[in-house]
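The values are calculated or read from the model by the stated rules, or taken from the named source; none is laboratory data. Since we're looking at a predicted model, the values are computed, not measured. Ideal geometry is used to build each Cβ from the backbone, glycine not excepted, and the neighbour counts take in all protein chains shown. Accessible surface areas use protein heavy atoms only, side chains included; no ligands, DNA or RNA. Shrake-Rupley method; radii C 1.70, N 1.55, O 1.52, S 1.80 Å.
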Amino acid sequence: MQLIFLGPPGAGKGTQAQLLAELWKIPHVSTGDILRASVAAQTILGQKAQAFMARGELVPDQLLLEIVQERLSQPDAQAGWILDGFPRTLVQATFLDKLVQEMSPSGAGLRVVNLDVPDESVVVRLLARGRSDDNEETIRRRLQVYREQTAPLISFYSDRHQLVSVNGYQSMEAVTDSLKQLLSPVPPSQKP
Ligand code: AMP
């Protein structure tokens, strides 16, 4: 299973990605978590990323490509992974395509979930979460950045029939159930 979560900040990507990763015993790779850990540890990457994150801007693509290539080449990621927060730009999506192609040339198939939620609900959710970049001004900027730079990926993947959309504006359990139904890996014996 190679799965990507799209959806605005606060859509519930992290929660759902973590639950499914535990269920399927594959790593949950959150680029936001990796970046926050780098900032906390004051690594060179963290120092470069910090100001972008504090403003609600995207960290430059080149830094993200290195992070993701490194993480997905680890032994625990060979059976699959769930990416949360990546790709966020067309440059990142194109890079990921190449990476997936190199890793599984048989084309086992990338799947993409779009968690659909209304804007007003994400502002409320994010303000309740209280992370340092969860103040109202930064939230509004992150939503704007999402619409401008990340939302185009929805048509990028749906044009290629890789996308499923799920209503993220329901209880956490209901979203998890919908995802499990839509994405359950088909046992080999049941494949046509
Ligand atoms: P997240 O935890 O996914 O909301 O990410 C928090 C912040 O980290 C974002 O607002 C960006 O500044 C940065 N970030 C995380 N993932 C990416 C990415 N794929 N591309 C660029 N910036 C990212």
### Query
In whole angstrom, and with the biggest value first, how far do the Cα coordinates of segment 109-181 range along each principal axis?
37, 29, 18
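Please calculate how many Å² of accessible area the chain carries per residue, with a 1.4 Å probe and no DNA, RNA or ligand atoms counted. Let's see the in-between values first.
Numbers: 10120 Å² over 192 residues.
Accessible area per residue: 53 Å².
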### Task
Taking the convex hull of the Cα atoms, report for segment 53-192 its projected area averaged over all directions, in nm².
10.1
### Task
Would you mind checking which residues have amide H under 5 Å from Ser104's amide H? H placed 1.01 Å from N; only 5 or more apart, or other chain.
none
### Helix-only mean residue ellipticity at 222 nm for the chain, each DSSP H run of n ≥ 4 adding -39500 (n - 2.57), per residue, nearest 500
-16000 deg cm²/dmol
### Query
Excluding Leu19 itself, what net charge comes from residues whose Cβ is under 10 Å from its Cβ, given Lys and Arg +1 and Asp and Glu -1?
-1
### Task
For the chain, return all DSSP H helices satisfying: extent of Cα atoms along own axis at least 15 Å; mean Kyte-Doolittle hydropathy at least -1.0.
13-24, 44-55, 61-72, 90-103, 119-129, 172-183
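Mean separation of Cα pairs under 8 Å and 6+ residues apart, divided by the residue count of the chain: what relative contact order is that in percent?
It comes to 33 percent, rounded to a whole number.
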### Query
Label-point separation (nm) for His161 and Ala37, each offset 7 Å from Cα along Cα-to-Cβ?
3.8
### Compactness of segment 18-136 - radius of gyration and Dmax, Cα, Å
15.4, 45
### Query
If one puts a single equal scatterer on every Cα of segment 24-70 and applies the Debye formula without solvent, what log₁₀ I(q)/I(0) results at q = 0.31 Å⁻¹?
-1.28
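In segment 1-124, carbon and sulfur make up what percent of the accessible area (probe 1.4 Å)?
Values: 3140 of 5670 Å².
The C+S portion of the solvent-accessible surface of segment 1-124 is 55 percent.
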